[in-house]
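Structure record follows, encoded as structure tokens.
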Amino acid sequence: MDEFLFQITEEYEGERIDRCMAMLLDTLSRSYIQKLVKEGQVLVNGMPVKSSYQVQAEDEVQFTLPPSQEPEICPEDIPLDILYEDKDLLVVNKPKGMVVHPAAGHYSGTLVNGVMYHCGDELSGINGVMRPGIVHRIDMDTTGSLIVCKNDRSHSSIAAQLKAHSVTRRYRAICHGVIEEQEGAVDRPIGRHPTDRRKMAVNEKNGKHAVTHYRVLRRFREYTYIECELETGRTHQIRVHMASIGHPLLGDAVYAQGRRCPFSLQGQTLHAMTIGFVHPTTEEYLEIAAPLPEYFQHLLDILQ
């Protein structure tokens, strides 16, 4: 059993205990927190409370998490589009609709299940049994290049490059509206949405530094085809940043709500085309590109 203890600060005074904890604890959903409260696992100043309890500054919140039981993750013979592979790592072109690693509700059919079948025991274990080989990820409905590490040495090397923001990551996207300038940058911090924990948002108060560079590749009557390069790598970064300047991605059901989409799309039109990094063993710079998926090219042809 894991026990936690923290004190409420003035900025959260008056919030419901379940909402306050959900904002402070990124790893726990509000519904799960409500379950803990109902079971008496959450104490405020040593006493159990209801989910409706409004916290006060300097309240001491104590709660206990029951031990988690990780399900067994099994290899699956899933076809993989491998762009590059050697003894240290591989770069996979992830298809639309595939989850990168197992999580609640997705314990099979993920990229990890397929990579486990392909690589056998040759996967890094730094991120645990749920994410073997995974050093970074892209959203379920985003396609494109993803590095998978076969050993802990290569994993540590790629992770260090990601932390130093030295990995080249260029994406292709189609966004709503016509962008007038040829290129630009969005430099706005990203953090959890203040009221909807499923979403990220530009968050000046609690967000982390985030920079996205973009340039126009082609303009259409109502849309713009762009290339985005990440200077940082926050969750949903391109989707949040482009929405924040009035150009959400076409097909994005989360950040383009209210924008008409006349096409039948499965999620946002976003493709991780190019990834570049220094190889952990050879120390040579590698740059690998994933071709545009068929649906994306077809959409460009229609818009043209």
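The values are calculated or read from the model by the stated rules, or taken from the named source; none is laboratory data. Just so you know, these numbers come straight off a predicted model, no measurement behind them. Because the Cβ atoms are built from the backbone with ideal geometry, glycine has one as well, and the counts that use them run over all protein chains shown. Ligands, DNA and RNA are excluded from the accessible area calculation, which covers all protein heavy atoms including side chains. Shrake-Rupley method; radii C 1.70, N 1.55, O 1.52, S 1.80 Å.
Some notes on this structure:
- Among MET47, MET200, MET140: highest mean-square fluctuation, GNM of the chain, C-alpha pairs under 10 Å: MET47
- Check: the chain dipole with +1 on Lys, Arg Cβ and -1 on Asp, Glu Cβ, in debye: 900 debye
- Protection proxy ranking, highest mean first, for peptides 14-24, 179-189, 121-131: 14-24, 121-131, 179-189, where packing is the per-residue count of other beta-carbon atoms within 10 Å, averaged.
- Paramagnetic reach from LYS35 (point 7 Å along Cα→Cβ, amide N under 19 Å) across the range 173-200: 197-198
- Total formal charge among the other residues, if their Cβ is under 9 angstrom from that of GLN268, Lys/Arg +1 and Asp/Glu -1: -2
- Extreme residue, positive dipole direction of the chain, given options SER108, GLY251, LEU286 (C-beta unit charges): GLY251
- Tensor-based shape of the chain (alpha-carbon gyration tensor, a/c under 1.5 rounded, otherwise prolate or oblate): oblate
- With protein chains left intact and a 1.4 Å probe, residues in the range 1-87 average 66 Å² of accessible area per residue.
- In this structure the amide hydrogen of LEU270, modeled in the peptide plane, comes within under 5 Å of the amide hydrogens of THR143, none closer than 5 places in sequence on its chain.
- Per-residue surface analysis assigns THR212 an accessible area of about 0 Å², computed on protein heavy atoms at 1.4 Å probe radius.
- Model label sites at MET47 and PHE263, defined 7 Å from Cα along the beta-carbon direction, differ in position by 5.8 nm.
- Between LEU286 and PHE220, full extension at 0.36 nm per residue minus the direct alpha carbon distance yields a gain of 20.4 nm.
- The helix-only estimate of mean residue ellipticity at 222 nm for the chain, built from DSSP H runs of length n ≥ 4 each weighted as -39500 (n - 2.57), is -5500 deg cm²/dmol after division by the residue total.
- Rounded if a/c under 1.5, otherwise prolate or oblate - the range 140-240, Cα gyration tensor axes: oblate
- Heavy-atom accessible area order for THR9, THR274, largest first, 1.4 Å probe: THR9, THR274
- Across the options ILE179, PRO194, TYR223, the greatest Cα extent toward the positive end of the charge dipole of the range 179-224 (unit charges at beta carbon of Lys, Arg, Asp, Glu) belongs to PRO194.
- Amide H contacts under 5 Å for ILE126: GLY133, restricted to partners 5 or more places along the chain or on a different chain, H placed in the peptide plane at 1.01 Å from N.
- Amide H partners (placed H, <5 Å) of LEU83, local residues excluded: VAL91, VAL92, ASN93
- Using the Karplus relation 6.51 cos²θ - 1.76 cosθ + 1.60 with θ = phi - 60°, the per-residue 3J(HN,Hα) values for the range 6-12 come to 8, 10, 6, 9, 4, 5, 9 Hz, with x marking Gly and Pro.
- Per-residue HN-Hα couplings for the range 214-231 [Karplus 6.51, -1.76, 1.60; θ = phi - 60°; Hz; x = Gly/Pro]: 9, 9, 7, 9, 7, 10, 10, 5, 10, 9, 9, 8, 10, 10, 10, 10, 7, 8
- Applied to the range 84-90, the Karplus parametrisation 6.51 cos²θ - 1.76 cosθ + 1.60 on θ = phi - 60° returns per-residue 3J(HN,Hα) values of 7, 7, 8, 6, 9, 6, 9 Hz, with x for Gly and Pro.
- Full extension of the chain between THR9 and GLU231 gives 76.7 nm of extra length, using 0.36 nm per residue less the Cα-Cα distance.
- Normalised by residue count, the range 1-119 yields a Cα convex hull volume of 156 Å³ per residue.
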